[in-house]
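The values are calculated or read from the model by the stated rules, or taken from the named source; none is laboratory data. Computed from a predicted model, the values in this text were never measured in an experiment. Because the Cβ atoms are built from the backbone with ideal geometry, glycine has one as well, and the counts that use them run over all protein chains shown. The area values use the complete protein model at the heavy-atom level, side chains included, leaving out ligands, DNA and RNA. Shrake-Rupley method; radii C 1.70, N 1.55, O 1.52, S 1.80 Å.
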Amino acid sequence: MLNAIDKALLEAVADLHDIPQGAYNIRKNGVGINRATTANINIVTKGDKPGIDVFVKPFTKGESVHIPVILSAEGLEDVVYNTFEIGEGSDVLVVAGCGIHNPGSKKSQHDGVHDFYVRKGARMKYVEKHYGQGEGSGEKILNPKTLIEVEEGGVVELEMVQIRGVDRTKRDTQVILHKNARLVVVERLLTYRDQTAESLINVDLVGEDSTAQIISRSVAQDQSRQVFHLNMRGKNRCRGHIQCDSIIMGQAKVSSIPEITAFHSDAQLIHEAAIGKIASEQLTKLMSMGLTEKEAEETILHGFLK
Amino acid sequence: MLKLKDITLSVEGEQGNFNILKNINLSLQKNKIYVITGPNGGGKSSVAKIIMGIYQPTAGEVLFEGQNITGLDITERAKLGIGYAFQNPPRFKGIKVRELLELATGKNKEINLCDLLMDVGLCAQDYLDREVNTSLSGGELKRIEIATIIARNLKLAVFDEPEAGIDLWSFQKLAETFENIHAKYQTTIVIISHQERILKLADEVIIIANGEVAEITSKESFLADIVKRDMDCLCSKVCDKGVIPSAQCNR
Ligand SMILES: Nc1ncnc2c1ncn2[C@@H]1O[C@H](COP(=O)(O)OP(=O)(O)O)[C@@H](O)[C@H]1O
Ligand SMILES: [Mg+2]
C-alpha cells in the first residue's frame, strides 16, 4: 500500500521507516488507508465530518499514536478534523505530521484541525512535522489548527517543525491551561524562495500556578516571509515566557509580534524577541577552523534549528 | 615562517581615515613562541586578524612559509595550518561543545576530546554535551575556544588574551599546555597577553602600541624593566619612549 514516495514522506514527517509501532492511522490523499489500535488506544472514524477520534484510556503509559497524513497527488484539498481524548494520568506521545508530494501544477492543500483534551495529570508530547516536495510548480499549502485544553496538573510538550518545501502555511495554535498545568512549545521553521509562513500561538493561563514556555526559532531565506504572533494571557497566578528568535537572510522579511497580557497581579510574563542575520564572528570562527563560508553557514543554521 | 611586510590597516572614521595599523613589519621564525603585549586598543588583535585573514590589509603583504597569502581567505589560511583563538569568542545556539571540538579536530580521531578539555582546565564530562551558548561563563567559553585551536595540530597558532576570565590554577595548566603543543607539534605560537607567566614562555616579546611595533625585545629585558620600574603597567615602557602620550597610560 505504501510506495516509495509515501515512505519518503512518512520518514520526513514522522521518522517512520515503515508501519509504526503502537496505534496509528495513516491518511493518504484524503482517505484513511491504514490503522491499528491497541488495548489502551482506540481510533474511531468520525461520523459527521472527515477525521478521527482518538481515545487514550486513563493511566496509559509509554504508548504512542502516529497519525501522519500524506498527499501525493496534485490538486487535492484535504480538510480533516481529529479529536484526542488523553485520559487522566496517562503519558503518551502523539506524532502527527503532513508530507506533501505535489507532482503537478495545481495546488495541494491540507488543513488539519486537531482538538486535544488532556485530562487531569496526563502528559502528552505532540510532535508535528511538515514537509513538502515534488517537482511540479503546484503550491504546497498546510494550515494546521491546534486546540489544546490541559486540565489540572497536565503537562503538554509541543514540537512543531517545518523545515522544507511548504510554500504557504498558516498555523493557529490555541492552548488553555488549568491549575498547575504546564506547557512547553518548541517551534522551528525554515522558509526559502517565496514561501510564506504565519504562526499564531495563543496561550491562556487560566489556572493557578500554570506555566507556559514558548521557544520559537526560525530561519527566513531568499524572499520568504514569516510572521509570528505569540500571545500569552495570564489570568491567575502563573508564569509565562516567550522566546522568539529569527535568523534573517537574503531579502527575507520577518515580523515577530509577541504579546503578553496580565489579568492578575501575580502573573509573571516575559517576552523576548530577536531578529538578526548570522553574526559575522560565528562565520569567521568556523571558517578559521577550515570550513568554507557555505559550510559554516549550514553548520550555524543546523544548530540553530535543532 | 610568517612575515608581515609594511602592513597598514585603515578604516573610515567620522573624521576621515583612521589607521588602526601603520607599517607593521614582523618576521616570525618557525618553532618559536612570541608574546605580543601593549596597551589596550594598540592594535594587537588587529595584527592577529590580519594573520588569520579576518581583516584584509589596506596595504602590505602577508607571507607564510615563503608563499604570499595576502589574497587567501580565512578558510584557505586555516587549511595551510594557521589558527586564531578569538579574544571574544562567539557563542553558537544549538551547537554542542563536542560538535565544535569535532569540527576543530576534523578527521583526526587520534585526538581525545576529553584530554583536550583537560588541557584547558575543564572537566570534560561536564562540558561535552553542553551547548556553546550563553549558559557558558566567559571563562568557560574562552577555554573551549582555546581547545578548538589546540585540537588542530597547527603550524602557526595565535592566542588572543587567553588569560581573560581564567582562574589561576587553570591558567598555570594552560601555560603548560602551550609549552606541550609547542614541543609536540613544533607549532609556532603567538600569544597576545599581559601575564607574566605567559611572558616567561616567550622567545621574543613584541610590543605593539598605537598601531605600530614599538619594540621587539627579550623576555628578560622586558620583565627586568617592569620590576625595575616597579609598575604593573605594561605599557609604561612604551609611554617612556614617547610612543603614546603618558596621559593615556593610566592602568
Ligand atoms: N573593525 C574595526 N573597525 C573600526 N575600528 C576598529 C576595528 N577593529 C579594531 N578597531 C580599532 O582599532 C584599534 C585597535 O584595536 P585592537 O586591534 O582590537 O587593539 P588591541 O587588541 O591591542 O586592544 C582600536 O582603537 C579599535 O577600536
Ligand atoms: Mg585585543
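Near the amide H of B:LYS32, under 5 Å away, which other amide H atoms are found, from residues 5 or more places off or on another chain, if H is placed in the peptide plane?
For B:LYS32, whose amide H was placed from the backbone, the distant partners under 5 Å are B:ILE189.
Angle check, please: helix B:168-185 long axis (alpha carbons) against the longest principal axis of chain B (alpha carbons), in degrees 0 to 90, nearest 10.
Roughly 90 degrees between the two axes.
Counting only other chains, what is the mean number of Cβ atoms within 10 angstrom of the Cβ of each residue in peptide A:288-298?
Across the residues of A:288-298, the mean count of other-chain Cβ atoms within 10 Å is 6.
Could you sort out which of B:LYS3/B:LYS155; A:LYS7/A:LYS140; A:LYS140/B:LYS96; B:LYS30/B:LYS200 sit more than 23 Å apart by Cα distance in this structure?
A:LYS140/B:LYS96
Using DSSP, restrict attention to beta bridges with both residues in chain B and report what percent are antiparallel, rounded to the nearest 5.
In chain B, approximately 55 percent of DSSP beta bridges are antiparallel ones.
What's the total accessible area buried between chains B and A, using a 1.4 Å probe, rounded to the nearest 100 Å²?
The B and A chains share an interface burying roughly 1700 Å².
Going by amide H atoms built from the backbone, whose H comes under 5 Å of the H on A:GLY165, apart from near neighbours?
A:GLY132
Compare the Cα positions of A:ILE275, A:GLN223, A:ILE260 along the charge dipole of segment A:200-299 (+1 at Cβ of Lys, Arg; -1 at Cβ of Asp, Glu; about the Cα centre) and return the one farthest towards the positive end.
Projecting each Cα onto the dipole axis, the largest value belongs to A:ILE260.
Taking each pair of distinct Cα atoms in chain B once, what is the resulting Kirkwood hydrodynamic radius in Å?
When all Cα pairs of chain B are included, the Kirkwood radius is 18.8 Å.
For chain B, what relative contact order do you get, as a whole percent, if you take Cα pairs closer than 8 Å and at least 6 residues apart?
Normalised by residue count, the contact order of chain B is 25 percent.
A:PHE263: net charge of surrounding residues, Cβ under 9 Å, Lys/Arg +1, Asp/Glu -1, itself excluded?
That sum, taken over residues with Cβ under 9 Å, equals +2.
Roughly speaking, what is the centre-to-centre gap between segment A:188-253 and segment A:91-151 when only Cα atoms are used, to the nearest Å?
Taking the Cα centre of each part, segment A:188-253 and segment A:91-151 sit 17 Å apart.
Could you check what % of the DSSP bridge pairs in the protein assembly as shown are antiparallel, to the nearest 5?
15 percent
Between A:GLU157 and A:LYS106, how high is the FRET efficiency from 1/(1 + (r/R0)^6) when r is the Cβ-Cβ distance and R₀ = 30 Å? Nearest 0.05.
In this case the efficiency is close to 0.25.
Hey, can you grab everything whose amide H is under 5 Å from the amide H of A:LEU183? Only 5+ residues off in sequence or another chain; H modelled, so Pro and N-termini drop out.
Close amide H contacts, sequence-distant or interchain: A:VAL156, A:THR211, A:ALA212, A:GLN213.
Averaged over its residues, how many other protein chain Cβ atoms are within 10 Å of peptide B:120-126's Cβ atoms?
That average works out to 0.
I need to check one value: relative contact order of segment A:4-277, counting alpha carbon pairs closer than 8 Å and at least 6 residues apart, in percent.
Averaging sequence separation for qualifying contacts and normalising by length gives 11 percent for segment A:4-277.
Taking all protein chains as present, what is the carbon and sulfur share of the accessible area of the protein assembly as shown, in % to the nearest whole number, probe 1.4 Å?
Answer for the protein assembly as shown: carbon and sulfur cover 47 percent of the accessible area.
Once Lys and Arg get +1 and Asp and Glu get -1 on their Cβ, which of A:TYR81, B:LEU80, B:PHE171 lies farthest toward the positive end of the dipole of the protein assembly as shown?
B:LEU80
Could you list, in their original order, any pairs among B:LYS32/B:LYS184; A:LYS294/B:LYS173; A:LYS49/A:LYS120; B:LYS5/B:LYS107; A:LYS306/B:LYS173; B:LYS79/B:LYS173 whose Cα atoms are separated by more than 24 Å?
A:LYS294/B:LYS173; A:LYS49/A:LYS120; B:LYS5/B:LYS107; A:LYS306/B:LYS173; B:LYS79/B:LYS173
Please give the peptides B:100-108, A:165-173 ranked by average Cβ packing (other Cβ atoms within 10 Å per residue), highest first, as a rough proxy for protection.
Most protected by this proxy first, the peptides run A:165-173, B:100-108.
Using θ = phi - 60° and the Karplus relation 6.51 cos²θ - 1.76 cosθ + 1.60, list the HN-Hα couplings for segment A:73-85 in order, rounded to whole Hz, with x at every Gly or Pro.
10, 7, x, 8, 10, 10, 10, 9, 10, 10, 10, 10, 10
In segment A:4-277, what percentage of the DSSP-assigned beta bridges are antiparallel, given to the nearest 5?
Beta bridges within segment A:4-277, antiparallel portion: roughly 5 percent.
Taking chain A as a Gaussian network, where each spring joins two C-alpha atoms under 10 Å apart, which residue of A:THR191, A:THR60, A:THR284 fluctuates the most?
A:THR284
If you look at just the Cα atoms of segment A:188-288, how large are its Rg and its Dmax in Å?
Gyration radius and largest Cα-Cα distance of segment A:188-288: 16.2, 52 Å.
Could you tell me the convex hull volume per residue, in Å³, taken over the Cα atoms of chain A?
Given the Cα convex hull of chain A, per-residue volume reads 134 Å³.
In the P(r) worked out for the protein assembly as shown, what percent of Cα pairs fall beyond 31 Å?
Result: 59 percent of Cα pairs exceed 31 Å.
Could you give the radius of gyration (one decimal) and Dmax (whole number) of the Cα atoms in segment A:45-127, in Å?
So, for segment A:45-127, Rg and Dmax equal 15.0, 48 Å respectively.
Report, as an integer, the average count of C-beta atoms from other chains found within 10 Å of each Cβ along A:32-42.
What the average comes to for A:32-42 is 0.
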